[in-house]
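The values are calculated or read from the model by the stated rules, or taken from the named source; none is laboratory data. All values reported here derive from a predicted model rather than from experimental measurement. Cβ coordinates were reconstructed from backbone atoms using ideal geometry, including for glycine residues, and neighbour counts include every protein chain displayed.
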Amino acid sequence: MPIVVNLDVMMAKRKMSLNELSERVELTLSNLSILKTGKAKAIRFSTLEAICKALNCQTGDILEYVQDDSGLPND
C-alpha cells in the first residue's frame with residue numbers, strides 16, 4: 001500500500017505509550033493498534049486531528065505517501 005502510517009515513530013519520538021495515546025484521543029487500544037500496524041483501511045479526520053493534537057505533530061508526520069515501485073500507474 002502506498003500510504004504508510006508512521007504512528008509508532010511519532011509515539012516513540014514523543015515517548016508516549018499506546019495506552020496514554022488511547023486515553024488522550026479516546027480511542028480503544030485495538031483501534032489504535034490497527035492504525036499503528038498499518039492495517040487500517042481508513043481514518044476519520046476527527047481521529048487524525050485528535051492524534052496530531054495529542055502528539056503535537058502534523059498529519060504528514062503520521063501519514064506518508066510512498067511511490068509504488070511496480071512501474072504501473074496507480075488508478
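Take the residues of the stretch 54-64 that are under 10 Å from the mean Cα position of the chain (by Cα) and farther than 17 Å from S33 by Cα: which is surrounded by the fewest Cβ atoms within 10 Å (Cβ to Cβ)? This residue is G60. Restricting the search to helices (runs of 4 or more DSSP H) fully inside the stretch 9-65 and requiring at least 1 residues that are of a type in the set (A, V, I, L, M) and without any contact (Cβ under 8 Å) to a residue 12 or more places away in the chain gives 29-36.
Only residues that are among the basic types (K, R) and either surrounded by 10 or more Cβ atoms within 10 Å (Cβ to Cβ) or at positive phi (or both) were counted across the stretch 35-53, and they come to 3. Can you find, within the stretch 35-53, the residue that is nearest to the chain's Cα centre (by Cα) among those that are closer than 15 Å to N6 by Cβ and either at pLDDT 95 or above or among the aliphatic types (A, V, I, L, M) (or both)? For the stretch 35-53, the residue satisfying everything is L35.
Scoring S30 on the criteria (1) in contact with a helix residue (DSSP H, G or I) (Cβ under 9 Å, 6 or more places away or on another chain); (2) modelled with pLDDT of 95 or more leaves a single failure, condition (1). Scan the stretch 19-34 for residues that are crowded, with 16+ Cβ neighbours inside 10 Å and farther than 18 Å from I3 by Cα and the total you get is 4. A single entry from N19, N56, N31 fulfils the requirement of being at positive phi and not aromatic (F, W, Y): N56.
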